[in-house]
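Quick notes on the structure that follows.
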Amino acid sequence: MRKLSRSMFIATMAMLVVAPTHVDAAKPSSDRTIVHKEVHPQYFPDDICGDRAGWTTFTTTWRFIVKESGDSIKIVFGETGRYVTDFDDPATEDYSSQFTQAGHAGVTSSGVVTYNSQFHDFPGTIDIHEHVVFVEVNGSVRVDRDVLTVTGCP
């Protein structure tokens, strides 16, 4: 099983929280905006470029716009953040970076689930891009694509 990205997990959880237990076509549509900011440290035994263990402190802001109607729920989300990585090995230069992610998730009463996102991180000479597309129709996965490109590792 593929590991869910933090944002994909959050979007999925948000969909479960706001998903109706039944579809009511007469229900008027509603919009909600959810904004969350957090700072948290996390230890990684390695990074995208290999065996480079260290502590990373993230400052991240998420914004979700939830659009709910009688037959569907759509979530548009964006994430921006900065982080500082302090590597255990003093010979490996510490760095700071920033990243962005934007995406869309949706569920319809006809059994269609969609998720797509674009992620970009650019720490120093490293450039990280990820594009995720997932489509499920009536329980059958039609598209499950995750393209990760990393260039510029030392």
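General remarks:
- Net charge of Cβ neighbours under 14 Å - reference Val113; Lys, Arg +1; Asp, Glu -1: -1
- Over region 43-94, equivalent-ellipsoid semi-axes from the Cα gyration tensor in Å: 38, 11, 7
- Between Thr59 and Thr100, the modelled label-to-label distance comes to 1.8 nm, taking each label 7 Å out from Cα in the direction of the beta carbon.
- Note on region 81-154: Cα convex hull, mean projected area over all directions, 6.2 nm².
- Ranked packing of 47-53, 138-144, most packed first, by mean Cβ within 10 Å: 47-53, 138-144
Every number in this text was worked out from the coordinates using simple rules, so none of it is lab data. What you see is a predicted model, and the numbers here were worked out from it, not measured in a lab. We place every Cβ from the backbone using ideal geometry, glycine too, and count neighbours over all the protein chains shown.
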